[in-house]
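For reference, the structure is listed below as structure tokens.
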């Protein structure tokens, strides 16, 4: 490559660099497909066939059938009416509630989880860190029915915290709060979402090297400049990816909400649940499928964004 | 970092107070507030289970619960489903993960992604799909808890697959198999005598995670109208709050204790790995390593 | 990633346009730093003349990195002062001192291309983007990596990364260049190559440079002066020749290079005798035993020769061919001695045979028998 002028050079280099980042993935994929077909390497994949078949039968077939049947009327003919009902009125409201609930709870847990992760990575002792990490591992796995009931004992009408607040003259139930509302659910969801975020954020914060801080300082950067140009950009992708994971997680959550509100809160999973349990709208036996397809749609959007974030980050990650 | 002496924490070069320099006050406030949020519900549950909404301390909630025959029968049902799920999971996952590492390491990533699929599709939707597509199957499958075990194998995959996969990765499968073969052992025997004993911690992880999942799963079981442990818990919750809360506390402790053991065992191993690798940002890895049994 | 270290050398001429700086003097004065009970630095005095290449050499834990970091402002000092260009900078944070620093490894910002890394120091100084680009281009050209300008760190080899780090450190036109074991994470061939490149660049740019290493070969080949450190103290500060041939302390004698310890007698002010080997000239200093006393005589491997001798007192235990040289190990009464000879002498002795030794040069140190 001859270097004629600065601008030109940078441009051609840009193209070169761009190719280079994406090529290894593409190249190896093509190559492995060729090898796969050419050298009979498919035999190698026989061993995973049982797994794939199992997954196909018990996950993919049900998922696909939900989407397919969403387009069927009661008589089996193609129709879009399930969707037109599913995305209007009370069902539209529940989509709105679900997305609102997931957004709120994901935003809160992202912020709090990040703060906790920062606090424990920065702490000098190993013990505190070990305790918080192990605790997060356990609490992130807590959920569902028991969680719902322990919050009834805490923030329910006769819960401990409610009682204490009432004693100091502030009964939250007199001020519009209810555990059995979207706000209440948001609080309960934090119980497993925050630890999840802590677990997600510890490795990337850990991976911020002291050398980068030192190098930035030696180059004249202030602490704020370090965070703006190096620390921030490095933490943004895992933070965003984590946010999307939390969003999906709370969007799909059913058990906690069902146990807490006895299936009365208008969010999509609960609506699908009550349609399954027999509250079928006459003439729209497949309405639940339309709602399910809608949920899959939302989750797919989140998954695509997640993939996009990961790909952006992988420019500078291995 | 050859000559930084007396300060091992700093010389590690990773993380450490130097990078973040977070104030003590900030740390105390954040960890204190969040810690409170996590402890208060446990305390509240304990108190509620002993006193109910009335005053006075008693074990009545617990004794009533333990003498309730349905408590035991639903627990037994959930345990049966759990045993089935664990057995089936191991039967499918051990050969699969061993095979992937031994013969087709290139598709490891793909397999990992596949194992995470159940996280993407909400379990309510899967249940709907099960009804839609298997509704016409004979009663022996759809009408019995067998269908639950079959589905739980799939739904628990995001936790079980990764656990076993990292267990297998810790072994050098190829070398072990080749060493076994060079000594004249057939593959079956190698799997049984060489690989399985070395996979103990991975298998244990799968057992704990899958079992805890089965005990706690509510959505699929209730929507398919099976009265499992978790479903029964909700049923009592409608009428007898203090019993349900006592029940919850027991259930929480039952999942937390084995989970803490698994977490400690695995975090120790993961810690070793990450220190060795020293990779830049492991976000993608960590996100896929999420182990959550919430729903 | 293709390793291109060997084919790339600094294009002389193009390299230093505008990069030439007037070196400044640097001085550490009675710098002390303790961690708990451990004294990492005790009253360290060290001064470099403008443009000088100083290598700080010592075992791990000797305080050399602490000294370098104190100089950079990355490490607080308990007492003492740091002067750069005659100015007391002890109170300034790293970001306010005019230093360029290269770390052991992994110091490039992973979210930036090499060009952006090099531009970073200029960016925080508020240079315009055109100016930054021009400078970064120059710097990358200087280290021979202009074609890697748009690569991210993980797409480059370790050697390339360190060259970018060097370009980044120099881009801000610092008064002092600090290198903290920059070569230790690289493999041998790349290391040797980059070492040459660093030396050449330093000469051309003329910047006062401090280089920390535990590798004595690296130290001796790079330095104008070597500062040998141990336990937070400066053991000796001198040219490589001085440090190698006339170590001032026992530590320096044994840490730098290989030594043979013979027992003998001090003959007079200039000569010490090892029985059956011969006379070694030496330089007296305080603590050298008086003439007539028994003494330990420290001799470099190349200051003795070995010859086959059926009656010899020494047993040849090992002969290793090293290319132009041969390393011979002989034993006597449990002590091992190492001799380096030219390869042409290889057929003289064989392992297992008896041999005798002859003095050929001077002793580096004569001390009382311990």
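Results, tabulated for the structure shown:
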{"item": "Residue tally, condition in contact with a helix residue (DSSP H, G or I) (Cβ under 7 Å, 6 or more places away or on another chain), more than 7 Å from chain B (Cβ to nearest Cβ) and either at pLDDT below 85 or in a helix (DSSP H, G or I) (or both), over the range A:156-170", "result": "3"}
{"item": "Filter result for residue B:280 (more than 7 Å from every other protein chain (Cβ to nearest Cβ), farther than 20 Å from residue B:73 by Cβ and either part of a helix (DSSP H, G or I) or modelled with pLDDT under 75 (or both))", "result": "no"}
{"item": "Pair list, Cβ < 9 Å and 6+ apart or interchain, from the range C:134-145 residues that are without any contact (Cβ under 8 Å) to a residue 24 or more places away in the chain to residues that are not in a loop (DSSP other than H, G, I, E, B)", "result": "C:134/A:6; C:137/A:6; C:137/A:9; C:137/A:10; C:137/C:115; C:137/C:118; C:137/C:146"}
{"item": "Condition met for residue C:161 (touching a residue at least 24 places away in the same chain (Cβ under 8 Å), surrounded by fewer than 24 Cβ atoms within 10 Å (Cβ to Cβ) and either assigned to a helix (DSSP H, G or I) or facing chain A (nearest Cβ under 8 Å) (or both))", "result": "no"}
{"item": "Matching strands (runs of 3 or more DSSP E) fully within the range C:209-328 where at least 2 residues are over 15 Å from the mean Cα position of the chain (by Cα)", "result": "C:260-266, C:271-274, C:278-281, C:294-299, C:304-308, C:314-321"}
{"item": "Filter result for residue A:257 (at pLDDT 85 or above, surrounded by 20 or more Cβ atoms within 10 Å (Cβ to Cβ) and over 16 Å from the mean Cα position of the chain (by Cα))", "result": "yes"}
{"item": "Check on residue C:192, assigned by TED's automatic domain parsing to the domain that holds residue C:129 and over 30 Å from residue C:250 (Cα atoms)", "result": "no"}
{"item": "Unique match (being closer than 15 Å to residue A:220 by Cβ, in contact with a strand residue (DSSP E or B) (Cβ under 6 Å, 6 or more places away or on another chain) and buried (at least 19 other Cβ atoms within 10 Å of the Cβ)) among C:170, C:166", "result": "C:170"}
{"item": "Scope the range C:117-144; condition within 11 Å of another protein chain (Cβ to nearest Cβ), in contact with a helix residue (DSSP H, G or I) (Cβ under 7 Å, 6 or more places away or on another chain) and either closer than 26 Å to residue A:235 by Cβ or assigned to a loop (DSSP other than H, G, I, E, B) (or both); matching residues", "result": "C:117, C:118, C:119, C:120, C:121, C:122, C:123, C:124, C:136"}
{"item": "Residue list for the range B:1-28, restricted to those being farther than 29 Å from residue C:185 by Cβ and either modelled with pLDDT of 90 or more or in a loop (DSSP other than H, G, I, E, B) (or both)", "result": "B:22, B:23"}
{"item": "Options A:230, A:304, A:270; residue that is closer than 30 Å to residue A:78 by Cα and within 9 Å of another protein chain (Cβ to nearest Cβ)", "result": "A:270"}
{"item": "Qualifying residue in the range A:83-92 (condition: under 24 Å from the mean Cα position of the chain (by Cα) and crowded, with 19+ Cβ neighbours inside 10 Å)", "result": "yes"}
{"item": "Search result, residues across the range A:119-145 that are in contact (Cβ under 8 Å) with a residue 60 or more places away in the chain and assigned to a loop (DSSP other than H, G, I, E, B)", "result": "A:143"}
{"item": "Any hit, the range C:107-116, residues being within 24 Å of the chain's Cα centre (by Cα), within 11 Å of chain A (Cβ to nearest Cβ), within 20 Å of residue C:180 (Cβ to Cβ) and in a loop (DSSP other than H, G, I, E, B)", "result": "yes"}
{"item": "Helices (runs of 4 or more DSSP H) wholly inside the range B:90-177 containing at least 1 residues that are more than 9 Å from chain A (Cβ to nearest Cβ) and either out of contact with any strand residue (DSSP E or B) (no Cβ under 7 Å at 6 or more places or on another chain) or modelled with pLDDT of 90 or more (or both)", "result": "B:108-120, B:139-142, B:146-155, B:157-170"}
{"item": "Residue list for the range C:45-65, restricted to those being in a loop (DSSP other than H, G, I, E, B), touching a helix residue (DSSP H, G or I) at 6+ places or on another chain (Cβ under 9 Å) and either facing chain B (nearest Cβ under 9 Å) or crowded, with 23+ Cβ neighbours inside 10 Å (or both)", "result": "C:58, C:59"}
{"item": "Test for residue A:179: is it within 21 Å of residue B:237 (Cβ to Cβ), touching a residue at least 60 places away in the same chain (Cβ under 8 Å), away from chain B (no Cβ under 11 Å) and within 22 Å of the chain's Cα centre (by Cα)", "result": "no"}
{"item": "Any hit, the range C:66-80, residues being crowded, with 20+ Cβ neighbours inside 10 Å, at the interface with another protein chain (Cβ under 9 Å from one of its Cβ atoms) and either assigned to a strand (DSSP E or B) or at positive phi (or both)", "result": "yes"}
{"item": "Matching residues, the range B:36-61, being modelled with pLDDT of 80 or more, in contact with a helix residue (DSSP H, G or I) (Cβ under 9 Å, 6 or more places away or on another chain) and more than 9 Å from chain A (Cβ to nearest Cβ)", "result": "B:50"}
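Residues are listed down the side, and each one gets a yes or a no for (1) at pLDDT 85 or above; (2) out of contact with any strand residue (DSSP E or B) (no Cβ under 7 Å at 6 or more places or on another chain); (3) over 30 Å from residue C:102 (Cα atoms); (4) in a helix (DSSP H, G or I):
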{"residue": "A:147", "(1), (2), (3), (4)": "yes, yes, yes, yes"}
{"residue": "A:154", "(1), (2), (3), (4)": "yes, yes, yes, yes"}
{"residue": "A:185", "(1), (2), (3), (4)": "yes, yes, yes, yes"}
{"residue": "A:193", "(1), (2), (3), (4)": "yes, yes, yes, yes"}
{"residue": "A:217", "(1), (2), (3), (4)": "yes, yes, no, yes"}
{"residue": "A:220", "(1), (2), (3), (4)": "yes, yes, no, no"}
{"residue": "A:225", "(1), (2), (3), (4)": "yes, yes, no, yes"}
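The values are calculated or read from the model by the stated rules, or taken from the named source; none is laboratory data. Here the structure is a predicted model, which means the values were calculated and not measured. No Cβ is skipped: glycine too gets one built from the backbone with ideal geometry, and neighbour counts run over all protein chains shown.
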